[in-house]
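Have a look at the structure that comes next, please.
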Amino acid sequence: MKTKNDETDNNFIDSLREGILYHLTKTLGLGLTGVTTIKEAVHQGHIRHIYKALAHALRDDIMDKWIATNSEYREKDVKQLCYLSAEYLTGRFLGNNLINMCVKNEVKTVLDSIGLTLNEIEDVEMDAGLGNGGLGRLAACFLDSLATMELPGHGYGLRYDYGIFRQEILDGYQVEHPDEWLCHGNPWEIKREEDAVVIRFGGRTVREDMKKGKCKSEVVGCESFLAIPFDTPVSGYSNKTVNTLRLWSTSVPDYSQFDISAFDKGDYGNALKDVLCHDDLTMVSVLYPNDNHDPGKRLRLKQQYVLVSASIQDILRKYKETGNPIEMFHEKRAVQINDTHPSLVITELMRLLVDEEGVEWEKAWDITVNTCGYTNHTVMKEALEQWDSHMLGELLPRNYEIIEIINHDHCKRIFEKFEGDMDKVRRMSIIEDGRVRMANLAVVGSHSVNGVAELHTSILKNDVLRDFYDMFPERFNNKTNGITQRKWILNANPELSHLITDKIGKGWVTDLSMVKELEKFADDEAFLNEIIEIKQRNKKRLQEYIYNSNPVKSETGDIVERVNVDIGSIFDVQAKRLHEYKRQLMNALYILMLYNELKGNPGKSIVPRTFLFAAKSAAGYDQAKSIIKFINVLAKVINHDPDVNQLIKIVFLENYNVSLAEKLLTAADVSEQISTAGLEASGTGNMKLALNGALTIGTMDGANVEMSEEIGMENMFIFGMRTEEVNDLNAQGYNPADVYNNDRDIQRVMEQLRGEELTNSPSEMEVLRKIYYSLEKSDRFFVLKDLRSYKDMQEKVSALYADRMAWAKMVLLNIARMGKFSSDRTIKQYNDDIWHLENVAIGS
Ligand code: 26Q
């Protein structure tokens with residue numbers, strides 16, 4: 001079947017031209033006197049105007065479908081999913097919409113006729129970087145899959161004025177800048193002031209009935225203000241579904257709370273005093289740049305409560321408009337909690353049901369538990385959220401009281417079920433030691449608890465949440481992550497997409513399992529050559545990007561040099577947040593060992609390699625920042641050493657974001673997935689890279705395990721300790737000296753970290769020393785322990801690359817066996833096991 005993707009639609013082209021011209025004048029107010037074609041308009045306007053007019057023209061098309069989708073959901077009174085997430089890493093919207101509306105060719109034609117390229121126009125748009133890493137990107141992939149699969153599922157989140165910071169690398173150090181993603185406006189969102197809701201903090205509870213907290217309560221003396229929603233349409237691929245991403249903003253105070261008399265007397269300051277404190281103004285203003293780390297900040301708690309309270313008030317209000325009885329709420333609405341960040345939705349729903357709707361406590365609890373599902377994304381202790389009880393009690397008195405009651409009932413049940421096992425009660429209590437443990441609340445208040453890969457879920461069951469698994473075994477289930485192939489191949493890698501479609505048809509776009517059919521070309525040399533050539537062209541594009549847009553900069557931002565990478569070399573990519581458990585340091589130490597080897601054996605020939613790193617570190621995470629600096633010190637040494645720089649090179653790509661990921665991951669030959677076994681919940685970059693034809697060097701961690709089951713161990717480069725070995729070694733006591741005292745090459749790199757060989761700058765030496773001591777003292781993530789087996793495996797990678805056809809065949813098998821890792825599959829499993837939404841084909 002031909003669609004608009006194969007055949008250009010001339011009617012659409014004409015209406016697009018008209019639409020762009022219309023919006024240039026009527027929406028953007030450009031006085032294009034005497035202008036009748038866009039071509040003439042381009043001469044008068046800026047490229048940004050063309051981008052905006054194009055966005056508006058496309059939006060016009062989306063709007064009708066959006067309205068139709070909403071009315072169909074309403075009329076059919078279907079069950080709807082509300083995905084609650086503090087983060088959405090969507091990246092740019094233009095590309096997503098062009099792909100899913102199947103109008104990319106038409107838009108290219110129109111732009112071409114006015115002398116512009118789609119790339120130029122796309123580059124005008126800033127990334128929506130409202131997330132840190134994997135968890136936020138997963139939420140964005142899920143929205144794409146929900147809409148494509150015609151399921152009624154919407155996202156709720158926060159409209160941060162500033163997303164993840166823009167990273168600059170100056171003299172090798174990370175410098176953070178505010179991300180002003182809204183500075184030129186956002187044509188994709190619609191402000192819905194009519195749906196604003198009031199959010200209340202502080203105050204104290206009073207009760208209608210003096211018995212206990214389980215009955216109706218009211219909070220008085222609060223500080224309150226408004227949360228205002230902004231909606232962004234989420235189009236499905238090649239269908240008529242348009243779901244909604246609703247993001248809350250809080251910059252406007254609740255004027256109803258103004259002391260008007262004070263205001264009238266000219267005492268503006270006092271009138272505003274209780275409504276506008278510093279926090280209020282900045283509440284949803286900036287994303288916390290932490291990933292897998294919880295600093296326990298009060299403002300972060302306020303943000304989370306805005307998300308939760310605004311969303312569930314909105315959900316409940318719209319539900320009541322359907323006329324269905326409150327007792328049926330969980331049959332018509334599902335709430336998925338993306339990590340513990342929105343887990344206060346449990347107490348907020350209880351509060352609304354009991355205090356506002358007058359539902360009896362036990363009934364309200366049933367509804368709440370049956371509505372909520374909780375997804376865990378980490379086993380790292382420092383990332384498990386805990387709030388100080390006093391802070392929570394002071395900021396959200398009624399919610400805290402509700403937690404106390406939930407906890408009381410919960411502890412009582414544990415005591416009864418486990419025959420007075422007080423240790424167990426303490427371990428499982430929601431409140432303990434003056435802290436509220438949000439993961440415990442999330443498990444107790446949800447009917448479903450899931451991990452994000454098989455290994456991760458089994459670690460939850462057997463270790464992190466073991467007591468809870470004993471108590472509620474039926475709640476635990478696995479949902480292995482996936483990625484949307486629309487974004488990560490169709491949009492990011494058009495040439496590979498065409499090749500695949502040529503060979504097996506386009507079914508894979510909505511059913512990734514079909515890529516399996518590529519396996520029959522595993523020995524087709526012409527086909528393998530085409531794969532290699534596409535990769536080379538992607539590498540060439542990345543090479544140009546590095547040369548033009550990623551120069552080495554001095555402390556003051558002056559360009560020091562431009563780096564030219566060799567596209568004949570292996571592009572070895574580690575792109576992910578910087579965290580010690582992800583072991584970018586192990587990669588860097590391996591490069592140092594390789595450097596030493598080359599220096600010690602002049603004339604030694606190896607397969608040339610370019611080591612590409614891209615990573616942001618949390619602004620306050622010192623050790624991670626030191627690792628970034630260390631990588632850049634190594635880059636300086638190696639890239640300037642004529643003995644080796646024809647063979648190895650290091651590039652640190654600054655400001656890793658979704659748009660850069662599209663350029664970088666499609667150009668990779670080798671994918672680094674080398675976390676300490678048991679610590680990476682799933683990983684999703686591993687999937688994006690393999691699907692785009694990179695081979696994985698990795699540990700048996702997260703989703704790598706399932707990838708190796710699909711792809712075959714023999715088609716990946718798996719090394720290092722397994723989870724059980726890590727656990728055993730932890731139990732036994734690990735001494736890193738045992739490693740470096742018995743391995744001269746590792747000892748050598750340790751000496752280089754401590755000595756003056758790599759640098760004579762005192763500040764750089766200090767950074768290196770810090771890394772040295774962390775390894776020498778504890779090496780918490782077993783970098784030294786796994787380093788030797790990592791190096792051995794890297795040598796196997798190089799050997800295979802030298803055999804061009806053997807490499808290409810393995811690449812093909814990797815691509816062909818990635819069918820499982822589509823987020824469409826993940827969403828289907830969430831839906832079958834947890835949400836039970838029905839498919840709604842709009843307009844049929
Ligand atoms: C918590 C409290 C205060 C401030 C920030 C945070 C915070 C923010 C973000 C804690 C954690 C995160 C993000 C976690 C995350 O991205 N986890 C990743 O989730 C992916 C999707 O499931 C997995 O593939 C990754 O393995 C996992 O690390």
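The values are calculated or read from the model by the stated rules, or taken from the named source; none is laboratory data. The shown structure was predicted, so the numbers you read here are calculated from the model rather than taken from an experiment. Here the Cβ positions follow ideal geometry from the backbone for every residue, glycine too, while neighbour counts run over all protein chains shown.
Enumerate the pairs (first residue in segment 721-740 and under 23 Å from N704 (Cβ atoms); second residue anywhere and among the small types (G, A, S)) with beta-carbon separation below 6 Å, excluding pairs fewer than 6 apart on the same chain, so at least 6 apart or on different chains.
Taking only residues 6 or more apart or on different chains, the pairs are M721/A677; R722/A677; T723/A677; T723/G678; V726/A677; V726/G678.
Here's something else I'd like to know. Can you tell me which residue among Y773, Y740, Y734 is crowded, with 20+ Cβ neighbours inside 10 Å, among the hydroxyl-bearing types (S, T, Y) and farther than 17 Å from Q673 by Cα? Spell out the reasoning first.
Details: Y773 fails: crowded, with 20+ Cβ neighbours inside 10 Å; Y734 fails: crowded, with 20+ Cβ neighbours inside 10 Å.
Of the residues listed, the single one that is crowded, with 20+ Cβ neighbours inside 10 Å, among the hydroxyl-bearing types (S, T, Y) and farther than 17 Å from Q673 by Cα is Y740.
Could you tell me which numbered condition R246 fails, if it satisfies all but one of (1) of a type in the set (K, R); (2) surrounded by 20 or more Cβ atoms within 10 Å (Cβ to Cβ); (3) not in a strand (DSSP E or B)?
(3)
Any idea which of I99, I121 is at pLDDT 95 or above, in a helix (DSSP H, G or I) and closer than 17 Å to R17 by Cα?
Details: I99 fails: closer than 17 Å to R17 by Cα.
Exactly one residue qualifies, and that residue is I121.
How many residues does segment 98-132 hold that are among the charged types (D, E, K, R) and out of contact with any helix residue (DSSP H, G or I) (no Cβ under 6 Å at 6 or more places or on another chain)? It would help to see each step written out before you state the result.
Within segment 98-132, the first condition is being among the charged types (D, E, K, R), and the residues that meet it are 104, 106, 108, 112, 120, 122-123, 125, 127.
Remaining after also requiring out of contact with any helix residue (DSSP H, G or I) (no Cβ under 6 Å at 6 or more places or on another chain): 112, 120, 123.
Total satisfying the criteria: 3.
Name the residue that is farthest from the ligand (Cβ to nearest atom), counting only residues in segment 299-317 that are of a type in the set (D, E, K, R) and closer than 16 Å to S343 by Cα.
Going residue by residue through segment 299-317, those that are of a type in the set (D, E, K, R) are 300, 302, 314, 317.
Next, only the ones that are closer than 16 Å to S343 by Cα stay: 300, 302.
Working: R300: 5, K302: 12 Å.
Among those residues, the one meeting the criterion is K302.
Quick check on segment 278-298: of everything there that is away from the ligand (no atom under 14 Å from the Cβ) and among the polar types (S, T, N, Q), which residue is modelled with the highest pLDDT?
S285
Next up: How many residues, within segment 169-221, are crowded, with 16+ Cβ neighbours inside 10 Å, assigned to a loop (DSSP other than H, G, I, E, B) and acidic (D, E)?
3
Of the residues S659, S671, which is under 25 Å from T826 (Cα atoms), among the hydroxyl-bearing types (S, T, Y) and away from the ligand (no atom under 16 Å from the Cβ)?
Working: S671 fails: away from the ligand (no atom under 16 Å from the Cβ).
Matching residue, one of S659, S671: S659.
Now a separate question. Kindly provide the set of residues from segment 145-168 that are away from the ligand (no atom under 16 Å from the Cβ) and not in a strand (DSSP E or B), ordered by number.
Within segment 145-168, the subset away from the ligand (no atom under 16 Å from the Cβ) is 146-154, 156, 159, 161, 166-168.
Residues satisfying the conditions are L146, A147, T148, M149, E150, L151, P152, R159, D161.
Also, quick follow-up: Going through N657, N587, N645 one at a time, which residue ends up being without any contact (Cβ under 8 Å) to a residue 60 or more places away in the chain and not small (G, A, S)?
Values: N657 fails: without any contact (Cβ under 8 Å) to a residue 60 or more places away in the chain; N587 fails: without any contact (Cβ under 8 Å) to a residue 60 or more places away in the chain.
Just a single option satisfies the conditions, and that option is N645.
Does A694 satisfy being surrounded by fewer than 17 Cβ atoms within 10 Å (Cβ to Cβ), more than 16 Å from the ligand (Cβ to nearest atom), closer than 28 Å to E597 by Cα and aliphatic (A, V, I, L, M)?
no
Kindly check whether there is at least one residue in segment 73-80 that is outside any helix (DSSP H, G or I), modelled with pLDDT of 95 or more, more than 27 Å from the chain's Cα centre (by Cα) and of a type in the set (A, V, I, L, M). Break it down into steps so the answer makes sense when it comes.
Taking segment 73-80 as the starting set, the residues that turn out to be outside any helix (DSSP H, G or I) are 77-80.
Cutting the leftovers down to modelled with pLDDT of 95 or more gives us 77-80.
Adding the requirement that they be more than 27 Å from the chain's Cα centre (by Cα) leaves 77-78.
Keeping just the survivors that are of a type in the set (A, V, I, L, M) gives 78.
Yes, segment 73-80 has at least one match.
Determine the pairs where a residue that is without any contact (Cβ under 8 Å) to a residue 24 or more places away in the chain, located within segment 357-372, has a partner that is not β-branched (V, I, T) with Cβ atoms under 6 Å apart, the partner being 6 or more residues away or on another chain.
A364/M350; A364/L353
Against the condition crowded, with 20+ Cβ neighbours inside 10 Å, under 29 Å from I559 (Cα atoms) and within 16 Å of the ligand (Cβ to nearest atom), how does L665 come out, does it pass? Steps first, please.
On the way: crowded, with 20+ Cβ neighbours inside 10 Å: yes; under 29 Å from I559 (Cα atoms): yes; within 16 Å of the ligand (Cβ to nearest atom): yes.
Answer is yes for this residue.
Test each condition in (1) more than 16 Å from the ligand (Cβ to nearest atom); (2) touching a residue at least 40 places away in the same chain (Cβ under 8 Å); (3) assigned to a helix (DSSP H, G or I); (4) of a type outside the set (D, E, K, R) for F142 and report the one that comes out false.
That leaves (1) as the condition not met.
With V449, V443 as the choices, which residue is within 16 Å of the ligand (Cβ to nearest atom) and within 30 Å of C141 (Cα to Cα)? Please lay out each step first, then the result.
Working: V443 fails: within 16 Å of the ligand (Cβ to nearest atom).
Criteria check complete, one pass: V449.
Moving to a separate point now. Return yes when L349 is touching a strand residue (DSSP E or B) at 6+ places or on another chain (Cβ under 7 Å), of a type in the set (A, V, I, L, M, F, W, C) and in a helix (DSSP H, G or I) and no when it is not. Explain how you work it out, then say what you get.
Details: touching a strand residue (DSSP E or B) at 6+ places or on another chain (Cβ under 7 Å): no; of a type in the set (A, V, I, L, M, F, W, C): yes; in a helix (DSSP H, G or I): yes.
So L349 fails the test.
Give all pairs with beta carbons closer than 6 Å in which a residue from segment 121-135 that is in contact (Cβ under 8 Å) with a residue 40 or more places away in the chain and under 20 Å from Y162 (Cβ atoms) meets a residue that is among the hydroxyl-bearing types (S, T, Y) and away from the ligand (no atom under 16 Å from the Cβ); count only pairs at least 6 apart in sequence or on separate chains.
Partner pairs satisfying both residue conditions: V124/Y51; D127/S659.
Name the residues in segment 318-344 that are in contact with a Ser or Thr (Cβ under 8 Å, 6 or more places away or on another chain), under 15 Å from N370 (Cα atoms) and within 16 Å of the ligand (Cβ to nearest atom), would you?
Scanning segment 318-344 gives Q336, I337.
Also, I was wondering about something else. May I ask you to list pairs of residues, at least six apart or on different chains, whose Cβ atoms are under 9 Å apart, with the first in segment 283-305 being within 15 Å of G163 (Cα to Cα) and the second being within 7 Å of the ligand (Cβ to nearest atom) and polar (S, T, N, Q)?
Qualifying pairs under 9 Å: L287/N132; Y288/N132; P289/N132; N290/N132; D291/N132; R300/N290.
I'd like the full set of residues that are away from the ligand (no atom under 16 Å from the Cβ) and part of a loop (DSSP other than H, G, I, E, B), limited to segment 352-383. Even if it seems obvious, please write down each step before you answer.
Step one: of segment 352-383, the residues away from the ligand (no atom under 16 Å from the Cβ) are 352-372.
The answer is E357, G358, V359, E360.
Now for a separate question. Scan segment 529-546 and give yes if some residue there is within 30 Å of D622 (Cβ to Cβ) and among the β-branched types (V, I, T), otherwise no.
So far as segment 529-546 goes, yes, one or more of its residues are within 30 Å of D622 (Cβ to Cβ) and among the β-branched types (V, I, T).
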